[in-house]
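Some notes on the structure that comes next.
Since every read-out is calculated from the coordinates, none of them should be taken as a lab result. Keep in mind that this is a model prediction, so the values were computed, not measured. Using ideal geometry, Cβ is built from the backbone for each residue, glycine included, and neighbour counts are taken over all protein chains shown.
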Amino acid sequence: MHAIVMREPGGLDVLELVEKPDPVPGPGEVLVDVAAAGVNFMDTGVRRGMFWTEADPKILGVEGAGRILSVGEGVEDFRPGERVAWVYSPGSYASRAIVPAAALVPVPDAIDDRTAASVMMQGLTASHFATDFYPVQPGEFALVHAAAGGLGLLLTQIIKIRGGKVIGRVSSQEKVEIARQAGADHVIVEAGGHFAEEVVRLTDGEGVHVAYDGTGPVTWKASLDALRRSGTLCWFGPVLGGPGPIEITSIPKSIKIGYAVFMDHVHTPDLLRAHSAQLFNWIIEGRLKVHIGGTYPLADAARAHADMESRKTTGKLLLIP
């Protein structure tokens, strides 16, 4: 098998395509022939040594889709030959991967491998944000940062499915149309932290009910300013950093602030499979569209990281072994 190994924390040059023996699944595990692996922003944080610092070298990637080759002892829910997708299983940047059976979901025949690989991490995260962390209600306004990214596009669509209204923020004019196509009611082009006044204007002086912000500390204050009284700030994405210590008495307008982690949405295999099935059903029904912004050969993982870090990409990026 081939895999992208990170030799040590660092820049793009620490990624290397290597050949390794095919692994053997242990108890509760399966061996999967990987058809597509998702590239996530957290992968760049792992590469830079922000997470998973316990051992190097390591194979990057946590998400993908493919077909089961063999199963380990005790695996009863899955069989060789089945198509599956998975989320948060380290080692997915590879032509073959060991995946815990508990992290797997079955893929319907109507969903292709690349779509399945694209919707696991970001789709489940978006589902958590809009249905669990803050259940958006009909008519409510939501501010979605990075609205043309893989997560932002899915989050926008799920908010619209729930009857909400979306103000999307994008970093360049080139990204406006794709955010509108996903359903954003308004799109603000702004690359710094000066958007709150426009958000408040678009909501008749009230502000949004919820702001979804994973773009780092530069937008922290403006996201607070964009909320209405008793609004909710959904903060996520640790790669770009947080706002630092917060004095609770300084939080304005009775605002609620929380750090949302998608694993709390799918903390059991049953929840993982139920929420994944909902995403797949929305896709089959045509209510949720997955935008794949770029596909790369496995050997070009470093280029995929560079393109993602440039913030010029839209939609989901995939590696194809």
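Numerical summary
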item: Computed label-point distance, nm, for sites ALA299 and LEU240 using a 7 Å Cα→Cβ extension; result: 3.4
item: Per-residue [θ]222 nm for the chain (sum of -39500 (n - 2.57) over DSSP H runs n ≥ 4, rounded to 500); result: -7000 deg cm²/dmol
item: Alpha-carbon centroid distance for the pair segment 250-298 / segment 12-51, whole angstrom; result: 21
item: Ratio Rg/Rh [Cα only; Rh per Kirkwood] for segment 116-175; result: 0.97
item: Rounded, prolate or oblate (a/c below 1.5 giving rounded, otherwise prolate when a/b exceeds b/c) for segment 13-141 by Cα gyration tensor; result: oblate
item: Potential extension, ASP185-LYS289 segment - 0.36 nm per residue separation minus Cα distance; result: 35.8 nm
item: Share, in percent, of DSSP beta bridges within the chain that are antiparallel, nearest 5; result: 55
item: Loop GluC sites (Glu not before Pro), segment 194-292 (other Cβ atoms within 10 Å of the site Cβ: 14 or fewer; DSSP); result: GLU206, GLU247, GLU285
item: Long pairs among LYS160/LYS316; LYS256/LYS316; LYS289/LYS312; LYS58/LYS312, criterion Cα-Cα beyond 24 Å; result: LYS256/LYS316; LYS58/LYS312
item: Charge tally in the Cβ shell below 15 Å around LYS160, where Lys, Arg are +1 and Asp, Glu are -1, LYS160 excluded; result: +2
item: Spherically averaged projected area of segment 63-222 from its Cα convex hull (nm²); result: 11.1
item: Phi-based couplings in Hz for segment 206-221 (Karplus 6.51, -1.76, 1.60; Gly and Pro marked x); result: 8, x, 7, 6, 8, 10, 9, 10, x, 9, x, x, 4, 9, 3, 5
item: Relative frequency of Cα-Cα separations exceeding 30 Å in the chain, percent; result: 34
item: GNM result for the chain, Cα springs below 10 Å: residue of ASP264, ASP213, ASP113 fluctuating most strongly; result: ASP264
item: Globularity index of segment 42-114, i.e. its alpha-carbon radius of gyration over 2.2 N^0.38 Å; result: 1.21
item: Extension gain, SER230 back to GLU8 (0.36 nm per residue minus Cα-Cα distance, nm); result: 75.5 nm
item: HN-Hα J in Hz across segment 172-181 - Karplus 6.51, -1.76, 1.60, θ = phi - 60°, x for Gly and Pro; result: 8, 4, 5, 9, 5, 5, 5, 5, 5, 4
item: Cα gyration tensor category, rounded, prolate or oblate, for segment 142-287 with a/c compared to 1.5; result: oblate
